[in-house]
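The values are calculated or read from the model by the stated rules, or taken from the named source; none is laboratory data. Just so you know, these numbers come straight off a predicted model, no measurement behind them. Using ideal geometry, Cβ is built from the backbone for each residue, glycine included, and neighbour counts are taken over all protein chains shown.
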Amino acid sequence: MDNNSLPDDLPNFDDIGFLEDDEESLSSQDDVEHFGDDGFLEDNVELFPPQDDGDGRNPSEHDTDAMKGFTFAEVGFMRKCNSKVVCCHFSSDGKLLASAGHDKKVVLWNMETLQTETTPEDHSLIITDVRFRPNSTQLATSSFDKIVRLWDAANPTFSLQAYSGHSSHVLSLDFHPRKNDFFCSCDDINEIRFWNISQYSSIRRFKGGSTQVRFQPRVGHLLAAGSGSSVSLFDVETCRPMHTFQGHSADVSFVCWDPNGDYFASMSQERVKVWSIATGECIHELNFNGNIYHSCVFHPSYSTLLVIGGYEGKCQSDEFWENHIKQKWGRVIGDAVYKEWKRHVAIAKDGVLLKNQHTNQTASMGSFSGVWPNLFLASYLEDFKVLNVQKSNNFMMSLYFSLENGSFWFPAQVYKGLMIHNVLVSYDSQSNTFQARYQNGGWRCLGKNIEWDMVRAPSVDTPPYVVHLSHCLDTLKPEDHIEIQWRPNTQSPYDWWYAVIGHLDSCNKNCCQCEYNDTLIVEFRQYPEISNMRRIKLCRKTNEEEGHRIGGYYGGIRKLQNHNEIETWKKLFPLQIQTPPVLYMFPVAAHFQIL
């Protein structure tokens, strides 16, 4: 890997011979390329001058003057899904475009009619890369599910073949430009595998690429592979590293070749570099100066034209990112999230610890580097890098990326069994689900793979340890739907339970006067009639339980006005309500019994 010179003669690929890999045979799943962010992308064009200093390259016949005035114009807009699209690729004849990403399917676009077809969701996790087989309608995808799959755009209703063998997320793949039955793939533990389409196992494997792999165009003698902050060139025949290109201070996320295969570009978070194959030197460099870019590609006809895609200019405005956040995150984040993010921004600027205003307890908010302390945290930021990279005024942009990468644990509520927990949650982009931590019990993990519809923004501003001030007690009447706070002891935070206001035992339902009585009947109809947890009595004036307390402590009440909230609760009810096995059962015990 540290060989710093290129061979005088590139190997002859015509009579390539591969050693067989003794790896187990492939299974039946796979997927395709890179994970970035969706949204509105602004394209940037970078023109670098041809090198006439004897570096051996054959620059395009189009000189710099011919490129003056080159502009982009939108000719069409296509939207097929609401999930993130992280990769796309044109077929060799330009008639088909394949796109894929977080919805685990490939969308195939007919570029003449703009009609689409979609593959089935055979991948179990997001697709990271998609590439067409040269001069063919077949294409392959790589995925976080460790599988590579082969498809045919002419009949995309099923996967032709699945290639397994990688032991971790497959991040990229590419077909050889001449030997089109031959392709390669790489995973996030730095393993590259060579495959033959007709075989069920890889024909060779070696270390050297973890982010992206791309064959040299036209001849395919070399393979460029990004790994860490460098790019390595491998001899395709021998798999021997020919040269390592270093110069990035951050991980290389994207690699692309010029059409002739004479030079390639490598992109990281902070810059893009163009490298000469003949000299092994960087011939052009562009620093991003705080902007965020994700991909680059050389123009197929103008080989000195590099197109860079990313967020820049107006896309850094708070208005743009606020709309972007609301579109995806609006249902699960509330005002508390924005308040907490302001605190984290203040910490990043001032380097001081703030105090939780509700509990007067010192909160870490990022200072514990992922170790969860037994403190009253209102939010938690695992990594301040997302704030350090962005300019101080990019409030919404930094919030968006901290939500997307899962480093920000923000306050939310999670449906679990027959209750709602006040928790801190973080997003897992790999599975498009959440993980949550519950403050009671030293921030024990409630679990992972929590679906979007099981998470909501906090319904009230009241902190979890404080009784919610009930403003609706005087107006509650039978059949009103409510949520009521409950906790097993005075040291625990409150959870929320669903209930319905019932009738008094003495009520004449033909002339109901229950809403004027000082006693309020609260019914937990998820329990059977004979359960002691079915009904409780509360005093409207004091909001306290009347009579003998069965177990735990009830708190405030909020009246449900939203029909969707009520229906969500009802979906959580057990299909068949059964008598609990014990007479006196605390709500938390009933919760685990039903699960």
Inset, instruction - Given the conditions (1) modelled with pLDDT of 90 or more; (2) among the β-branched types (Val, Ile, Thr); (3) under 23 Å from residue 328 (Cβ atoms), report the number of the one that residue 137 does not fulfil. - result: (3)
Legend entry - Output for segment 80-109, where each listed residue is in contact with a Cys (Cβ under 7 Å, 6 or more places away or on another chain) and either in the same structural domain as residue 329 (by TED's automatic domain parsing) or in a loop (DSSP other than H, G, I, E, B) (or both): 103
Inset, instruction - Considering every residue within segment 119-139, establish whether at least one is among the hydroxyl-bearing types (Ser, Thr, Tyr), buried (at least 23 other Cβ atoms within 10 Å of the Cβ) and touching a Lys or Arg at 6+ places or on another chain (Cβ under 8 Å). - result: yes
Inset, instruction - Hey, can you tell me all the residues within segment 466-491 that are crowded, with 18+ Cβ neighbours inside 10 Å and of a type in the set (Ser, Thr, Tyr)? - result: 470
Legend entry - Matching residues, segment 197-214, being part of a strand (DSSP E or B) and in contact (Cβ under 8 Å) with a residue 40 or more places away in the chain: 204, 205, 212, 213, 214
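For the condition in the same structural domain as residue 88 (by TED's automatic domain parsing) and over 28 Å from the mean Cα position of the chain (by Cα), what is the one hit in 137, 157?
When all the criteria are applied, what remains is 137.
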Legend entry - residue 522, sole failed condition from (1) within 30 Å of the chain's Cα centre (by Cα); (2) under 18 Å from residue 569 (Cβ atoms): (1)
Inset, instruction - State whether one or more residues within segment 183-191 are among the hydroxyl-bearing types (Ser, Thr, Tyr), farther than 24 Å from residue 118 by Cα and crowded, with 19+ Cβ neighbours inside 10 Å. - result: no
Legend entry - Hits in segment 160-215 (condition: acidic (Asp, Glu), within 23 Å of residue 121 (Cα to Cα) and either outside the structural domain of residue 124 (by TED's automatic domain parsing) or more than 22 Å from the chain's Cα centre (by Cα) (or both)): 174
Inset, instruction - Need at least 3 residues that are in the same structural domain as residue 482 (by TED's automatic domain parsing) and either of a type in the set (Phe, Trp, Tyr) or touching a Gly at 6+ places or on another chain (Cβ under 6 Å) (or both) per element, so show me which strands (runs of 3 or more DSSP E) inside segment 494-548 make the cut, counting only ones lying wholly within it. - result: 495-502
Inset, instruction - Assess whether residue 423 counts as being at pLDDT below 80, under 24 Å from the mean Cα position of the chain (by Cα) and among the hydrophobic types (A, V, I, L, M, F, W, C). - result: no
Inset, instruction - Quickly run through segment 460-476 and pick out the residues that are among the aromatic types (Phe, Trp, Tyr) and out of contact with any Pro (no Cβ under 7 Å at 6 or more places or on another chain). - result: none
Legend entry - For residue 546: the one exception among (1) surrounded by 15 or more Cβ atoms within 10 Å (Cβ to Cβ); (2) at pLDDT below 90: (1)
Inset, instruction - Among the residues of segment 141-164, write down those that are part of a loop (DSSP other than H, G, I, E, B), of a type outside the set (Gly, Ala, Ser) and free of Cβ contacts under 8 Å to residues at least 40 places away in the same chain. - result: 155, 157, 158, 160
Inset, instruction - Kindly provide the set of residues from segment 390-429 that are assigned to a strand (DSSP E or B) and among the aliphatic types (A, V, I, L, M), ordered by number. - result: 412, 414, 419, 420, 423, 424, 425
Legend entry - Matching entry among 309, 334 (being of a type outside the set (Lys, Arg), within 22 Å of residue 102 (Cα to Cα) and at pLDDT 75 or above): 309
Legend entry - Where residue 304 falls short, out of the listed (1) under 28 Å from residue 90 (Cβ atoms); (2) modelled with pLDDT under 85; (3) surrounded by fewer than 19 Cβ atoms within 10 Å (Cβ to Cβ): (3)
Legend entry - Residue list for segment 159-180, filter: over 17 Å from residue 141 (Cβ atoms) and out of contact with any Phe, Trp or Tyr (no Cβ under 8 Å at 6 or more places or on another chain): 167
Inset, instruction - Report, by residue number, each residue of segment 102-134 that is under 20 Å from residue 215 (Cβ atoms) and more than 22 Å from the chain's Cα centre (by Cα). - result: 132, 133, 134
Legend entry - Subset of segment 453-468 [hydroxyl-bearing (Ser, Thr, Tyr) and either touching a strand residue (DSSP E or B) at 6+ places or on another chain (Cβ under 8 Å) or at pLDDT 90 or above (or both)]: 459, 462
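Would you call residue 231 farther than 22 Å from residue 147 by Cβ, touching a Lys or Arg at 6+ places or on another chain (Cβ under 6 Å) and of a type in the set (A, V, I, L, M, F, W, C)?
no
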